[in-house]
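Below you'll find the structure, written out as structure tokens, and then a few comments.
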Amino acid sequence: MSDSNSTDFTNPSTFILMGIPGLEAAHVWISIPFCVIYAIAILGNFTILFITEPSLHGPMYYFLCMLAITDLVLCTSVLPKMLSIFWFNSREINFSACLIQMYFIRSFFAIESGILVAMAFDRYVAICDPLRHSTTLTNPVVAKIGLAVVLRGVMLILPYPFLARRWPYCRTNIIPHTYCEHMAVVKLACADISVSSYYGLSVVFLVIGMDVFFITVSYAQILRAIFKLPTKDARLKTFGTCGSHLCVILAFYIPHLFAALTQRFGHNVALHFHVLMSNMYLLVPPMLNPIIYGVKTQQIRDRLLQLFTHKGA
């Protein structure tokens with residue numbers, strides 16, 4: 001299929017992913033940090049999944065395992081195709097594969113946001129009502145929360161590919177991006193895409209907006225409970241148990257917020273910067289999450305140390 005911007009077609013068989021527009025000559029060099037990020041994300045998240053220790057088998061560890069699986073899917077949905085563009089100039093992606101990639105990225109992003117809310121609720125119960133923590137967050141309750149989070153992400157994002165498939169694409173099949181980002185795809189349609197646009201904004205409000213609201217409320221109550229503790233040591237120790245989760249929340253939402261703001265209001269910002277930021281908010285959290293929890297969680301540090309010293313012996 002022609003790469004021409006004037007390509008005339010209604011139902012494209014393939015799209016052309018441009019990679020990072022304006023930085024094509026540096027694709028090979030740009031691939032190096034992305035490879036490092038992917039390797040750390042894979043190693044770190046698989047390490048979290050394969051740590052088996054009875055003391056870790058609680059609600060927070062189960063949510064952490066869900067987070068690790070979500071991060072693995074999220075970065076794997078993006079990186080392999082991106083690297084094939086950078087290394088082999090393999091820019092074509094099948095139309096259906098493009099929609100599937102779009103769905104996986106958006107769906108698992110929503111799932112990860114929901115997991116962070118569940119983890120915030122776990123911290124709220126553990127600190128504000130510790131005596132009822134084990135009876136409130138039982139294994140069946142944790143399983144139901146996990147199922148609800150997954151179903152929300154799966155169902156809310158399901159209309160995205162179906163709406164995108166129904167539009168006629170008669171302008172071009174060239175996507176100025178490294179992956180099939182939702183709006184980058186539907187903007188290629190030669191039709192009124194307001195349904196996709198408004199639905200996308202509604203999902204952002206329902207997912208990101210509501211999740212950030214619930215996390216904020218949870219941590220407002222947590223901080224209130226912490227400041228009521230009698231001694232400084234007790235306050236620091238209690239706050240330390242929330243530190244890792246707060247770092248993960250910031251690593252997840254801040255790059256996404258920055259990317260969203262530059263996309264909406266940064267009209268003078270170079271296109272390659274938009275694309276780089278869109279990649280960062282998908283790839284940086286999967287790399288940072290296992291590192292943050294590995295450093296901040298005593299049980300995980302102890303278990304890793306035990307595994308390495310045992311192997312060393």
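Kindly evaluate V150 against the criterion of being open to solvent by less than 30 Å² (accessible area, probe 1.4 Å), at pLDDT 90 or above, of a type in the set (A, V, I, L, M, F, W, C) and in a helix (DSSP H, G or I).
No; evaluated as a whole, the condition is false for this residue.
Taking S113, is it among the small types (G, A, S) and either outside any helix (DSSP H, G or I) or open to solvent by less than 10 Å² (accessible area, probe 1.4 Å) (or both)?
Yes; evaluated as a whole, the condition is true for this residue.
Does the stretch 157-216 hold any residues that are of a type in the set (K, R) and assigned to a helix (DSSP H, G or I), and which are they?
R165, R166, listed by residue number.
Quick one: count up the residues across the stretch 230-268 that are open to solvent by 50 Å² or more (accessible area, probe 1.4 Å) and farther than 22 Å from L64 by Cα.
14
Any residue at all in the stretch 301-313 that is assigned to a loop (DSSP other than H, G, I, E, B), of a type in the set (A, V, I, L, M, F, W, C), over 30 Å from M18 (Cα atoms) and at pLDDT below 75? Step through it out loud before you land on a result.
Within the stretch 301-313, the first condition is being assigned to a loop (DSSP other than H, G, I, E, B), and the residues that meet it are 313.
Now drop any that are not of a type in the set (A, V, I, L, M, F, W, C), which leaves 313.
Next, from what is left, pick out any that are over 30 Å from M18 (Cα atoms): 313.
Add one more test, that the residue is at pLDDT below 75, and what stays is 313.
Yes, the conditions are met somewhere in the stretch 301-313.
Tell me whether the stretch 61-81 contains one or more residues that are outside any strand (DSSP E or B), over 18 Å from the mean Cα position of the chain (by Cα) and under 21 Å from V248 (Cβ atoms). Steps first, answer last, please.
Step one: filter the stretch 61-81 for residues outside any strand (DSSP E or B), giving 61-81.
Remaining after also requiring over 18 Å from the mean Cα position of the chain (by Cα): 61.
Narrowing the set further to residues that are under 21 Å from V248 (Cβ atoms) leaves 61.
Within the stretch 61-81 (the criterion being outside any strand (DSSP E or B), over 18 Å from the mean Cα position of the chain (by Cα) and under 21 Å from V248 (Cβ atoms)), the answer is yes, since at least one residue qualifies.
Name the one entry in T262, T238, T297 that is hydroxyl-bearing (S, T, Y), modelled with pLDDT under 80 and in contact with a Phe, Trp or Tyr (Cβ under 8 Å, 6 or more places away or on another chain).
That would be T262, the only listed residue that is hydroxyl-bearing (S, T, Y), modelled with pLDDT under 80 and in contact with a Phe, Trp or Tyr (Cβ under 8 Å, 6 or more places away or on another chain).
This table checks each residue for (1) acidic (D, E); (2) in contact (Cβ under 8 Å) with a residue 24 or more places away in the chain; (3) closer than 27 Å to V28 by Cα; (4) surrounded by 19 or more Cβ atoms within 10 Å (Cβ to Cβ).
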site	(1), (2), (3), (4)
L64	no, yes, no, yes
L72	no, yes, yes, yes
L79	no, yes, yes, yes
M82	no, yes, yes, yes
T138	no, no, no, no
L158	no, yes, no, no
I174	no, yes, yes, no
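Just to be sure I understand the filter: pairs with C-beta atoms under 8 Å, separated by 6 or more residues or on different chains, first member in the stretch 47-61 and within 18 Å of T135 (Cα to Cα), second member open to solvent by less than 50 Å² (accessible area, probe 1.4 Å) and at pLDDT below 75. Which pairs pass?
Correct list of pairs: L56/I300; L56/R303.
Only one of these is among the hydroxyl-bearing types (S, T, Y), within 23 Å of F108 (Cα to Cα) and modelled with pLDDT of 85 or more: Y160, Y169. Name it.
Numbers: Y169 fails: within 23 Å of F108 (Cα to Cα).
Only one candidate passes the filter, namely Y160.
Is it fair to say F88 is farther than 20 Å from Y281 by Cβ and open to solvent by 50 Å² or more (accessible area, probe 1.4 Å)?
Working: farther than 20 Å from Y281 by Cβ: yes; open to solvent by 50 Å² or more (accessible area, probe 1.4 Å): yes.
Judged against the criteria, F88 is a match.
Test of understanding: among A68, A97, which residue is aliphatic (A, V, I, L, M) and either within 20 Å of P285 (Cα to Cα) or buried (at least 23 other Cβ atoms within 10 Å of the Cβ) (or both)?
One residue alone meets the criteria, A68.
May I ask you to list the residues in the stretch 217-229 that are surrounded by 12 or more Cβ atoms within 10 Å (Cβ to Cβ) and part of a helix (DSSP H, G or I)?
Matches in the stretch 217-229: V217, S218, Y219, Q221, I222, L223, A225, I226.
Quick test of your reading of the structure: L163 fulfils all but one of (1) open to solvent by 20 Å² or more (accessible area, probe 1.4 Å); (2) farther than 30 Å from M60 by Cβ; (3) hydrophobic (A, V, I, L, M, F, W, C); (4) touching a Lys or Arg at 6+ places or on another chain (Cβ under 9 Å). Name the failing condition by number.
Unmet condition: (4).
Could you check R123 against (1) more than 22 Å from L206 (Cβ to Cβ); (2) surrounded by fewer than 15 Cβ atoms within 10 Å (Cβ to Cβ) and say which number it fails?
For R123, the exception is condition (2).
Of everything in the stretch 35-50 that's at pLDDT below 90 and over 11 Å from L72 (Cα atoms), which residue is surrounded by the fewest Cβ atoms within 10 Å (Cβ to Cβ)?
Once the filter is applied, the top-ranked residue is F50.
How many of the residues in the stretch 130-186 are polar (S, T, N, Q) and more than 30 Å from H272 (Cα to Cα)?
Of the residues in the stretch 130-186, 5 are polar (S, T, N, Q) and more than 30 Å from H272 (Cα to Cα).
The values are calculated or read from the model by the stated rules, or taken from the named source; none is laboratory data. This structure is a prediction, so every number in the text was calculated from the model and none was measured. Virtual Cβ from ideal backbone geometry, glycine too; neighbours counted across all protein chains shown. Accessible surface is based on the protein model in full, side chains and every heavy atom, while ligands, DNA and RNA are left aside. Shrake-Rupley method; radii C 1.70, N 1.55, O 1.52, S 1.80 Å.
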